[in-house]
Amino acid sequence: MERALYGPSGFYRHPDGPAAHFRTSVHATPLFATALLRLLTRVDKALGHPPTIDVVDVGAGRGELLAQLSQQAPAELGQRCVFTAVEVAARPTTLASHIQWRAHIPEFRGLLIANEWLDNVPLDIAIIDAPGSARYVLVDEAGTEHPGPAIGPEDAAWLSRWAPTDAARVELGTTRAKAWQDTISQLRAGVAVAIDYRASGAATLTGFSQGREVAPIPDGSCDITAHVHVESVAAAGIEAGALTSVELSQRAALMDLGITAARPRLDLAAREPLIYMRALAEAGQAAEILDPDGLGAFAWLIQTKELPAKTAASILPTPIPPNTAREQQSTRGRMPG
Ligand SMILES: C[S@@+](CC[C@H](N)C(=O)[O-])C[C@H]1O[C@@H](n2cnc3c(N)ncnc32)[C@H](O)[C@@H]1O
């Protein structure tokens, strides 16, 4: 998976970028950036409006989210922001020069966003032959699976802590937990948000190419993704010093940040047809990122460091009970493009 996605001719090194293959909330609408800008504004206030504030996007794709954030930010805030994209792929030539482009997460004070990053952190799969005996699954470039060696001690520890005891095949969350632990280790003060589809124990390894789901064959021709075990990622962040940890659905988070899919009043259509049309289009875009059967079902894991507990509580979106059992159980993954 590592080689297929990030090797010299890996999928994410291709020039076309994620937007050519699937649709994230960033591609769906600039309203997603609007919501994150509101979160950034709260973080800035909690940090006392510092002279500089970091805005880091990990797994930044082609830098689309940072470009939107920097465009939408009011001048006073925008001038204090240091925008940094962290990406394996090369910097796009068209990206505004004030957006920094790096291969590794820097130390940061401010807000870090990781939208659909952790699901692309390579992971191993284990098959459990008998109680206490787990082996890695090996796969060749034609996609055929073979039983491999016994799993190592770190994966064994993850398995015994997090996997259901009756599981026969497990997507091991060790690498994602470690990736988030390293992320939170770089947080000096502020907030880090991971937004992704939550694992529920089912097998989720999937391939994506040119807008369609395909077999996850690790030959560099397609994206390979698997749902994220959010609880173990949250625990790793806390081990790295996160003081507050909140987890909620994207729908709940975006609603708290002021995104609404309410349609404009019909009488506006006659008085201000252009404003009405724009508001109607925005309501449609908001509905897509709030959809409890789609992007709205994604999990937001929000962790903070070095913010007084009261301040952290006041700036974070409030978890609300899912409005339907369906929303709670939804494990919707990557969206076709
Ligand atoms: C699914 S795309 C998400 C793109 C973007 N965040 C969005 O929401 O549209 C995942 C991105 O994470 C990048 N990525 C994966 N692992 C990375 C790592 N360790 N460091 C930097 N970027 C990484 C990939 O190259 C890819 O562009």
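The values are calculated or read from the model by the stated rules, or taken from the named source; none is laboratory data. Worth saying up front: this structure is predicted, and the values here are computed from it rather than measured. Reconstructed Cβ throughout: ideal geometry from the backbone, glycine too, with neighbour counts over all protein chains shown.
Key figures for this structure:
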read-out: Residue match in the range 11-24 (condition: within 17 Å of the chain's Cα centre (by Cα), among the hydrophobic types (A, V, I, L, M, F, W, C) and in a helix (DSSP H, G or I)); value: yes
read-out: Residue match in the range 73-87 (condition: in a loop (DSSP other than H, G, I, E, B), buried (at least 18 other Cβ atoms within 10 Å of the Cβ) and away from the ligand (no atom under 14 Å from the Cβ)); value: yes
read-out: Single residue of the range 141-186 satisfying the filter (more than 16 Å from the ligand (Cβ to nearest atom) and of a type in the set (S, T, N, Q)) that is farthest from Leu112 (Cα to Cα); value: Thr144
read-out: Those residues of the range 23-54 which are over 27 Å from Arg278 (Cβ atoms) and in contact with a strand residue (DSSP E or B) (Cβ under 9 Å, 6 or more places away or on another chain), in sequence order; value: Val43, Asp44, Ala46, Leu47, Pro50, Thr52, Ile53, Asp54
read-out: Qualifying residues in the range 104-116 (those that are closer than 19 Å to Ala177 by Cα and among the hydrophobic types (A, V, I, L, M, F, W, C)) - the one farthest from the ligand (Cβ to nearest atom); value: Leu112
read-out: Single match in Thr225, Thr204, Thr244 (criterion: assigned by TED's automatic domain parsing to the domain that holds Ala46, among the hydroxyl-bearing types (Ser, Thr, Tyr) and within 16 Å of Pro18 (Cα to Cα)); value: Thr225
read-out: Every residue from the range 32-63 that is more than 14 Å from the chain's Cα centre (by Cα) and in a helix (DSSP H, G or I); value: Thr34, Ala35, Leu37, Arg38, Leu39, Leu40, Thr41, Arg42, Val43, Asp44, Lys45, Ala46
read-out: Residue in the range 251-264 that is within 16 Å of the ligand (Cβ to nearest atom), among the charged types (D, E, K, R) and modelled with pLDDT under 95 present; value: no
read-out: Scope the range 109-130; condition within 19 Å of Pro50 (Cα to Cα) and surrounded by fewer than 21 Cβ atoms within 10 Å (Cβ to Cβ); matching residues; value: Arg109
read-out: Segments classed as helices (runs of 4 or more DSSP H), wholly inside the range 185-271, with at least 2 members that are touching a residue at least 12 places away in the same chain (Cβ under 8 Å); value: 230-239, 250-256
read-out: The listed residue being within 12 Å of the ligand (Cβ to nearest atom) and modelled with pLDDT under 95, out of Gly17, Gly48, Gly63; value: Gly17
read-out: Filtered residue count, the range 146-171, keeping only those that are assigned to a loop (DSSP other than H, G, I, E, B) and either touching an Asp or Glu at 6+ places or on another chain (Cβ under 6 Å) or hydrophobic (A, V, I, L, M, F, W, C) (or both); value: 4
read-out: Verdict on Ala130 being out of contact with any strand residue (DSSP E or B) (no Cβ under 6 Å at 6 or more places or on another chain) and more than 16 Å from the ligand (Cβ to nearest atom); value: yes
read-out: Residue check, Leu123 within 27 Å of the chain's Cα centre (by Cα), part of a strand (DSSP E or B) and among the aliphatic types (A, V, I, L, M); value: no
read-out: The one condition in (1) more than 9 Å from the ligand (Cβ to nearest atom); (2) not in a loop (DSSP other than H, G, I, E, B) that His27 fails to fulfil; value: (1)
